[in-house]
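Note sheet for the following structure.
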Amino acid sequence: MNSRYYFIFLFSLSLISCNKEKIAKKEKKGLDTIVIYSEKDFYENKFGIIKIVDTLCINGIKRAKKDISENKLTYYNIKGLSAREVSDKELTLLLHQYNIGFKNVLGFCMRPPKGFKWYCYEDEINNEIFNRYGENFVDSLRKIADRKFVETNPDFVFMWHECETTSRYTKVLDYTESLNMVREDLRKTLIPLYKTRGIEINDLNISFIIHRDSSISKLSITKSISPKNLENEKLVDSVITQFIIRSKWNPGKFNGINVNSDWHISGVGRLSKKNG
């Protein structure tokens, strides 16, 4: 193509581009405000000037005020999918004494779109309960409910993460320090097995239940052991078992109450010629 025609071609493209940009700007200026009434509308209208009217929340608050005026109160416990409250039954009975119902509501880990709000009805009802009986009303009843649950279910085993972060290893009071110390003490116990018998151990995981009276049950040991040392596997298990039995353990605490709970020891590290 000759340079003259090539220049004319480029000039024409620039004019078309500028013209499109001017049209786009004009169309943008001419856009009317779009009123959005729901999250569905919000996601379907991504362009233009948007005004949010959260009708779901507005109607929720209106419905809550009506129920409040009729003294229809229910405490809504908004919680995550993995959360577990063991004393819901006991709390329901305690709230019933105040003519208040109880209901769990599944919460979301994400936030609503800007301009929207979730759980407007539930929040309005909960705030009315707090205004009438105090901000710590439900929390204080929950503690009573927890104690009742533990008393009536003495064999129930809590998961370790449901308990308070108190030391389970009696040698030290600090929770984090106790985790490190029990690993180190166990490692020191196992090192002689390598030095005297050349037993190599890796991926060691130990789990057991610490009861309310500090006794131990349901000990489980999993590990990787060098194929050449498989004949010594029972010896390794015996040494670990004796360590767990001879050590002194603190029971878990749930709202200040001693409870049965599971416990796990991992991260002891590899025991081999390289780092034994």
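The values are calculated or read from the model by the stated rules, or taken from the named source; none is laboratory data. Remember, it's a predicted structure, so these values are computed and weren't measured experimentally. Backbone-built Cβ (ideal geometry, glycine too); neighbour counts: all protein chains shown. Ligands, DNA and RNA are excluded from the accessible area calculation, which covers all protein heavy atoms including side chains. Shrake-Rupley method; radii C 1.70, N 1.55, O 1.52, S 1.80 Å.
Quick look at the values:
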{"read-out": "Some residue of the stretch 165-174 being open to solvent by less than 80 Å² (accessible area, probe 1.4 Å) and assigned to a helix (DSSP H, G or I)", "value": "no"}
{"read-out": "Qualifying residues in the stretch 240-259 (those that are surrounded by 16 or more Cβ atoms within 10 Å (Cβ to Cβ) and among the β-branched types (V, I, T)) - the one nearest to M159 (Cα to Cα)", "value": "V259"}
{"read-out": "Tabulated pairs, the stretch 165-179, first at negative phi, second open to solvent by less than 80 Å² (accessible area, probe 1.4 Å) and among the β-branched types (V, I, T), C-beta under 7 angstrom, 6+ apart or interchain", "value": "R168/I210; Y169/V182; Y175/T166; S178/V172"}
{"read-out": "So R132, is it closer than 30 Å to L230 by Cβ, of a type outside the set (V, I, T) and open to solvent by 30 Å² or more (accessible area, probe 1.4 Å)", "value": "no"}
{"read-out": "Candidates P251, P192 - the one that is touching a strand residue (DSSP E or B) at 6+ places or on another chain (Cβ under 7 Å) and either without any contact (Cβ under 8 Å) to a residue 60 or more places away in the chain or within 30 Å of R84 (Cβ to Cβ) (or both)", "value": "P251"}
{"read-out": "Extreme residue, nearest to V172 (Cα to Cα), among residues of the stretch 199-233 that are open to solvent by less than 40 Å² (accessible area, probe 1.4 Å) and either touching a residue at least 60 places away in the same chain (Cβ under 8 Å) or touching a Cys at 6+ places or on another chain (Cβ under 9 Å) (or both)", "value": "I206"}
{"read-out": "Hits in the stretch 135-164 - residues which are in contact with a strand residue (DSSP E or B) (Cβ under 8 Å, 6 or more places away or on another chain), hydrophobic (A, V, I, L, M, F, W, C) and open to solvent by 40 Å² or more (accessible area, probe 1.4 Å)", "value": "F156, V157, M159, W160"}
{"read-out": "Test: residue in the stretch 80-89 that is in contact with a Phe, Trp or Tyr (Cβ under 9 Å, 6 or more places away or on another chain), part of a loop (DSSP other than H, G, I, E, B) and surrounded by 12 or more Cβ atoms within 10 Å (Cβ to Cβ)", "value": "yes"}
